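The values are calculated or read from the model by the stated rules, or taken from the named source; none is laboratory data. Keep in mind it's a predicted model, so treat the numbers as computed, not measured. Cβ coordinates were reconstructed from backbone atoms using ideal geometry, including for glycine residues, and neighbour counts include every protein chain displayed. Accessible surface areas use protein heavy atoms only, side chains included; no ligands, DNA or RNA. Shrake-Rupley method; radii C 1.70, N 1.55, O 1.52, S 1.80 Å.
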Amino acid sequence: MTMVELGHSLSYAVERPRLLQTLDGALDLPLTVIIAQAGSGKTVLLSQWRERHRHGNFVWLDVVPADNDPVQFMHRMLAALPHPLFEGEALPAPDAESDGGLGESFLTALAVHLGKLPETVVIFDDVHHLSHSRLIADLGRLVERLPANMHFVFASRADLPIGLSRHRLRLDMLEIRQADLAFTNRESGILLQRLTGRAFDPVDVASVVSRTEGWAAGIQLAGLSLRSHSNASQFIAQLTGTDRLIADYLTDEVLDAQTPERRATLLRMSVLDEMCDGLVVAVLGDSGGHLIVEQLEHESLFLVPLDNHREWFRFHHLFRDLLRYRLRVEEPGLEERLLEQAAKWHLEHAEVDAAAAYFVRARKWDAVVTLILSHGLDPVTRGDMATVIRWIDQIPTVVRARYPNLELVRGVLLALNAQFGAAEDILIRLADDPDCSTGQRMIAYAYLATRVQFRPDVRISIDWGERSLRLLDSNPHVVTPDLLRLTRRELLLLITLVNLGRAYLFAGAFPDARHCLERALGIPGSTFSVHRVHALGVLALLDALTGQLDSAEDHAHEAMTLSDEIGAVSRPATADAHLATAFASLQRGELPRAAPALREARQLVSSSGRTQLAWMEHLGAAWVHADQGRTVVLEEPADLAPPVVHDHLVALESRRLRLAGFPEKALTMLPPTVGQATPAAPAVLFESAAAAITSDHLIQARLMIETIAPDVDNLSASLDQLILRAWLSEASGDETTAGRQLASAVRFAERHGLVEAFMQAGPAVLRQLATHAPELPDYRTTILRRASETDVDLGGADLPEPLTSRELEILSYLPSRFTNTELAEQCFISVNTVKTHVAHIYRKLDAPNRNAAIRKAKALGLL
């Protein structure tokens, strides 16, 4: 028993009920083995278990090297057993002369005599001291013959060749190993408190457990060291295998017990973070490397398996720390050569990440740079930019400065990994560096244009995009460095155009945005599939915002199909397509379809750092809540909203005030729209004119409507202008012109599937739809059906109780003489619901039947 293990048996030893209960299972089995490395607490656990059964028959035998003499070993065991053991019958002497063992006759006779004892547990501690293979085999044969009253417990640092697999299959063996003996946080906290006399923060305790991997001796030795350290957290943070007490223990108990050859092998193997047979052979230059790993595992020499196949292992962290320290002291310079060998082996096996780590530890910077530029493509293709960034960041800054292309790669990858703050610093520095070539500057400019996804100042993003585009267009023959296939000229042009198009979109410059995006999609090359997904998604979003709904849905579908093909469905690249689907659904008045698309977009952008896309999702959510008549304060994304979002949010707030009966207040909160150098956004123009009409400022409204510039690509703005003209004519008393203009608006809306613009106009325009029924296209029914979902009051002013939008819709069909069943089919509702609405119509119009209701409705201008 070691001194540390003896120390464990003192008053501060921790009771371990879980393991003690497990050991109780040994009382039903012939064999129990406890196999773990030095200092794992095997002896203490068995001592506690024996004490727990102090009234039972427990025999304890400390195995020592001298016990390799079979006769002496057996005499010691027999002397430890209860007496008298062999009354009336002599036991044959151990047959030490034949084959070096105890002999079959002795083992058989011994088993018979053991059967005469009361139930007895025999604990053999430190069985690893036995090196006599025949003696160990005889112990295994004795276990096979044990009577039911006998239970053998073997505690050892090494596996025993006694047929353990056979016992496992027969389920007649209890097995406890290092993983079972590892101390938990709770047990470690108790032990540290008993050793030091003070309680520790759970975080510090967990750190001790992590650094010692639950190794009992390591925790105890850490506790002994903590007695003289007032700052526990600082000491624990620096705890390694070179701590004096831990190093002394591992040296005395483990290293000094090795042969010089084995010790040298352990020191060399310690450079490996993880090891397998082939890697050990490559590093040691020893064809017997697989035997070394197998022997170390067999001897529980602080080797931790990393897979179920037991192909990969690592050293216990504290043991590894000590070995590495000894290697650096005893053989300076050898570690770097061994690390280089390990790196080359991993490269040969296509394990680039491990190779990079070994080259970095060896400080072979040229090799690291070569590896990054030649093998960094694979992780980048998988979207794992962080791995390559980590490789680069491990190179000292002064070394990186010698490789401008490496700094470019770092800036590009940081930008792609949504770490734009760090990327921007690098790329701007390189863009302004006079020593950079035109090709290198092209790369910096193009990736600086991606700032539009992360930064709120759209004007600066447009500036970088335009600078990049000018540089590319004016230098058509310049060849750019090909860095991880991220810097080819065609790709840089695509990145520039997509992000410049996005910046124009966010700025509300829709024609410029469309020009850039359509040019981007004209660039061939499947290599740039992810960027094509971006281009299609942004164009789809532009289409949705400008009312080109069929095109928006087609482009969004194409983007999501392509993202599915290239495995990018969960990347932020598809967020634009989901947002486009949501906004197209909102424009069609299909709120239930918009909600899931907004949820998808929110999930994709929530953790990606793309705040400007997050603002677009925020706008969609605000639009949904506004259309549902709810005033909800939504949490806003970080940074400032892009102009297009800001304008729409201002318009939504103005609309809320206008519909609440405060059109003058709504008008004052809107920016000036007439006589400005820069035209106001369409959403702001619409709300300004709507508030002016509602406030009876008709001349002002007419001037505002005239400022809406015709745009064949912005169907939403065109419909807005048609609706406003009809509304203004109605408010001016020109009902004939109003009816004709409203019919034009409805036909335009029908051609393009637009509905929501009428909801945004509000009850005044919806009442026009209801009262001008004869001259309006049938699409008005679709619009009124959507209005019925908003509970907008569309009834006549002369009625004590106005008709709802659904009732007005049904009223418009009454002159057709449809039956209730036909009305239900036309309005997509049940017959009973039709009957209920018709009854309400009769009551509100004070009409006894259909004919009377029709006459009254015509008189009121409702038909």
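Out of Arg740, Arg751, Arg747, I need the residue that is surrounded by fewer than 22 Cβ atoms within 10 Å (Cβ to Cβ), within 44 Å of the chain's Cα centre (by Cα), assigned to a helix (DSSP H, G or I) and modelled with pLDDT of 90 or more. Which one?
Working: Arg740 fails: within 44 Å of the chain's Cα centre (by Cα); Arg747 fails: within 44 Å of the chain's Cα centre (by Cα).
Unique residue meeting the criteria: Arg751.
Kindly check whether there is at least one residue in the stretch 375-396 that is more than 26 Å from the chain's Cα centre (by Cα), surrounded by fewer than 17 Cβ atoms within 10 Å (Cβ to Cβ) and not in a loop (DSSP other than H, G, I, E, B). It would help to see each step written out before you state the result.
We begin by selecting, within the stretch 375-396, every residue more than 26 Å from the chain's Cα centre (by Cα); these are 395-396.
Right, trim to surrounded by fewer than 17 Cβ atoms within 10 Å (Cβ to Cβ) and you get 396.
Next, from what is left, pick out any that are not in a loop (DSSP other than H, G, I, E, B): none.
Scanning the stretch 375-396, I find no residue that is more than 26 Å from the chain's Cα centre (by Cα), surrounded by fewer than 17 Cβ atoms within 10 Å (Cβ to Cβ) and not in a loop (DSSP other than H, G, I, E, B), so the answer is no.
Across the stretch 310-336, which residue is nearest to the chain's Cα centre (by Cα) among those that are without any contact (Cβ under 8 Å) to a residue 12 or more places away in the chain and more than 26 Å from Gly39 (Cα to Cα)?
Taking the stretch 310-336 first, the residues without any contact (Cβ under 8 Å) to a residue 12 or more places away in the chain are 328-329, 332-333.
Filter once more, keeping what is more than 26 Å from Gly39 (Cα to Cα): 332-333.
On the way: Pro332: 42, Gly333: 41 Å.
The selected residue is Gly333.
Which one of these does Ala449 not meet: (1) in contact with a Gly (Cβ under 7 Å, 6 or more places away or on another chain); (2) part of a helix (DSSP H, G or I); (3) open to solvent by 10 Å² or more (accessible area, probe 1.4 Å)?
(3)
Out of all the residues in the stretch 26-36, is one or more among the aliphatic types (A, V, I, L, M), modelled with pLDDT of 90 or more and in a helix (DSSP H, G or I)?
Of the stretch 26-36, the ones among the aliphatic types (A, V, I, L, M) are 26-27, 29, 31, 33-36.
Filter once more, keeping what is modelled with pLDDT of 90 or more: 26-27, 29, 31, 33-36.
Still in the list and also in a helix (DSSP H, G or I): 26-27.
Looking through the stretch 26-36, at least one residue is among the aliphatic types (A, V, I, L, M), modelled with pLDDT of 90 or more and in a helix (DSSP H, G or I).
Only one of Ala503, Ala415 is modelled with pLDDT of 95 or more and open to solvent by less than 20 Å² (accessible area, probe 1.4 Å); which? Walk me through how you get there before you give the answer.
On the way: Ala415 fails: modelled with pLDDT of 95 or more.
None of the other options fit; the residue is Ala503.
Looking at (1) hydrophobic (A, V, I, L, M, F, W, C); (2) at pLDDT 90 or above; (3) open to solvent by 50 Å² or more (accessible area, probe 1.4 Å), which is the one condition that is false for Val569?
Every listed condition holds for Val569 apart from (2).
Here is a check on your reading of the model: is Phe748 of a type in the set (Phe, Trp, Tyr) and within 29 Å of Ala540 (Cα to Cα)?
On the way: of a type in the set (Phe, Trp, Tyr): yes; within 29 Å of Ala540 (Cα to Cα): yes.
Spelling it out, Phe748 is indeed of a type in the set (Phe, Trp, Tyr) and within 29 Å of Ala540 (Cα to Cα).
List, please: which pairs have Cβ atoms under 6 Å, are six or more places apart or on different chains, and start with a residue in the stretch 180-198 that is among the aromatic types (Phe, Trp, Tyr) and end with one that is open to solvent by less than 20 Å² (accessible area, probe 1.4 Å) and not in a helix (DSSP H, G or I)?
Close Cβ pairs (under 6 Å, with a partner that is open to solvent by less than 20 Å² (accessible area, probe 1.4 Å) and not in a helix (DSSP H, G or I)) amount to Phe183/Gly214.
Restricted to the stretch 115-133, and to residues that are within 60 Å of the chain's Cα centre (by Cα) and loosely packed, with under 14 Cβ neighbours inside 10 Å, which residue is modelled with the lowest pLDDT?
First, pick out the residues of the stretch 115-133 that are within 60 Å of the chain's Cα centre (by Cα): 119-133.
With loosely packed, with under 14 Cβ neighbours inside 10 Å added as a condition, the list becomes 119, 131, 133.
Numbers: Glu119: 90, Ser131: 79, Ser133: 72.
Among those residues, the one meeting the criterion is Ser133.
Name every residue in the stretch 550-583 that is touching a Ser or Thr at 6+ places or on another chain (Cβ under 9 Å), part of a helix (DSSP H, G or I) and not acidic (Asp, Glu), in order of residue number.
Result: Ala552, Ala556, His557, Ala559, Met560, Leu562, Ser563, Pro572, Ala573, Thr574, Ala575, Ala577.
Which ones in the stretch 181-193 are within 17 Å of Ala13 (Cβ to Cβ) and either of a type outside the set (Lys, Arg) or at pLDDT below 90 (or both)? Walk me through how you get there before you give the answer.
Step one: of the stretch 181-193, the residues within 17 Å of Ala13 (Cβ to Cβ) are 181-184, 186-193.
Listed by number, the residues that qualify are Leu181, Ala182, Phe183, Thr184, Glu187, Ser188, Gly189, Ile190, Leu191, Leu192, Gln193.
Conditions (1) without any contact (Cβ under 8 Å) to a residue 24 or more places away in the chain; (2) over 26 Å from Gln37 (Cα atoms); (3) out of contact with any helix residue (DSSP H, G or I) (no Cβ under 7 Å at 6 or more places or on another chain); (4) aliphatic (A, V, I, L, M), marked per residue:
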residue	(1), (2), (3), (4)
Lys116	no, yes, yes, no
Asp126	no, no, yes, no
His151	no, no, no, no
Leu164	no, no, yes, yes
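Can Glu653 be described as open to solvent by 60 Å² or more (accessible area, probe 1.4 Å), more than 24 Å from Ser732 (Cα to Cα) and at pLDDT 85 or above? Spell out the reasoning first.
Working: open to solvent by 60 Å² or more (accessible area, probe 1.4 Å): yes; more than 24 Å from Ser732 (Cα to Cα): yes; at pLDDT 85 or above: yes.
Yes; evaluated as a whole, the condition is true for this residue.
I'm checking my understanding of the structure. Among residues of the stretch 220-257 that are over 16 Å from Val208 (Cβ atoms), surrounded by 19 or more Cβ atoms within 10 Å (Cβ to Cβ) and not small (Gly, Ala, Ser), which one is nearest to the chain's Cα centre (by Cα)?
This residue is Leu250.
For the stretch 344-355, does any single residue satisfy the condition of being part of a loop (DSSP other than H, G, I, E, B), under 16 Å from Asp277 (Cα atoms) and modelled with pLDDT of 90 or more? Break it down stepwise before answering.
Within the stretch 344-355, the subset part of a loop (DSSP other than H, G, I, E, B) is 349-351.
Cutting the leftovers down to under 16 Å from Asp277 (Cα atoms) gives us 349, 351.
Keeping just the survivors that are modelled with pLDDT of 90 or more gives 349, 351.
The answer is yes; a qualifying residue exists.
Filter the stretch 715-730 for residues that are in contact with a Leu (Cβ under 7 Å, 6 or more places away or on another chain) and without any contact (Cβ under 8 Å) to a residue 60 or more places away in the chain and give the result.
Result: Ala726, Leu728.
Have a look at Ser468, Ser474 and point out the one that is open to solvent by less than 30 Å² (accessible area, probe 1.4 Å), at pLDDT 95 or above and at negative phi. It would help to see each step written out before you state the result.
On the way: Ser474 fails: open to solvent by less than 30 Å² (accessible area, probe 1.4 Å).
Checking each option against the conditions leaves just Ser468.
What's the number of the only condition in (1) buried (at least 16 other Cβ atoms within 10 Å of the Cβ); (2) at pLDDT below 75 that Asp791 fails to meet?
If we test Asp791 against (1) buried (at least 16 other Cβ atoms within 10 Å of the Cβ); (2) at pLDDT below 75, just (1) comes out false.
When you check Val293 against the structure, is it in contact with a Cys (Cβ under 9 Å, 6 or more places away or on another chain) and crowded, with 20+ Cβ neighbours inside 10 Å, yes or no? Give the derivation first.
On the way: in contact with a Cys (Cβ under 9 Å, 6 or more places away or on another chain): yes; crowded, with 20+ Cβ neighbours inside 10 Å: yes.
The answer is yes for Val293.
Residues of the stretch 354-369 being small (Gly, Ala, Ser), open to solvent by less than 20 Å² (accessible area, probe 1.4 Å) and more than 27 Å from the chain's Cα centre (by Cα), which ones?
First pass over the stretch 354-369, keeping only residues small (Gly, Ala, Ser): 354-357, 362, 367.
Still in the list and also open to solvent by less than 20 Å² (accessible area, probe 1.4 Å): 355-356, 362.
Ala362 - this is the single residue of the stretch 354-369 that is small (Gly, Ala, Ser), open to solvent by less than 20 Å² (accessible area, probe 1.4 Å) and more than 27 Å from the chain's Cα centre (by Cα).
For (1) assigned to a strand (DSSP E or B); (2) open to solvent by 30 Å² or more (accessible area, probe 1.4 Å), each residue gets a yes or a no:
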residue: Ala109; (1), (2): no, no
residue: His113; (1), (2): no, no
residue: Ala155; (1), (2): yes, no
residue: Arg166; (1), (2): no, yes
residue: Glu175; (1), (2): yes, yes
residue: Leu195; (1), (2): no, no
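Could you list, in sequence order, the residues of the stretch 656-695 that are open to solvent by 80 Å² or more (accessible area, probe 1.4 Å), assigned to a loop (DSSP other than H, G, I, E, B) and either within 19 Å of Phe506 (Cα to Cα) or modelled with pLDDT of 80 or more (or both)?
Going residue by residue through the stretch 656-695, those that are open to solvent by 80 Å² or more (accessible area, probe 1.4 Å) are 656, 659, 662, 664-665, 668, 672, 676-679.
Checking which are assigned to a loop (DSSP other than H, G, I, E, B) leaves us with 662, 672, 676-679.
Once the filter is applied, which keeps residues that are open to solvent by 80 Å² or more (accessible area, probe 1.4 Å), assigned to a loop (DSSP other than H, G, I, E, B) and either within 19 Å of Phe506 (Cα to Cα) or modelled with pLDDT of 80 or more (or both), the stretch 656-695 yields Phe662, Thr678, Pro679.
Give the residues of the stretch 27-52 that are without any contact (Cβ under 8 Å) to a residue 24 or more places away in the chain and hydroxyl-bearing (Ser, Thr, Tyr), sorted by residue number. Before the answer, list the steps.
Taking the stretch 27-52 first, the residues without any contact (Cβ under 8 Å) to a residue 24 or more places away in the chain are 28, 51.
None - no residue of the stretch 27-52 is without any contact (Cβ under 8 Å) to a residue 24 or more places away in the chain and hydroxyl-bearing (Ser, Thr, Tyr), so the list stays empty.
Are any residues in the stretch 819-835 among the β-branched types (Val, Ile, Thr), surrounded by fewer than 16 Cβ atoms within 10 Å (Cβ to Cβ) and either touching a Cys at 6+ places or on another chain (Cβ under 8 Å) or not in a helix (DSSP H, G or I) (or both), and if so, which ones?
Residue satisfying the conditions is Thr819 alone.
Of the residues Arg390, Arg441, Arg402, Arg410, which is among the basic types (Lys, Arg), closer than 23 Å to Asp366 by Cα and touching a residue at least 12 places away in the same chain (Cβ under 8 Å)? Quick ask: steps written out before the conclusion?
Working: Arg390 fails: touching a residue at least 12 places away in the same chain (Cβ under 8 Å); Arg441 fails: closer than 23 Å to Asp366 by Cα; Arg402 fails: touching a residue at least 12 places away in the same chain (Cβ under 8 Å).
Checking each option against the conditions leaves just Arg410.
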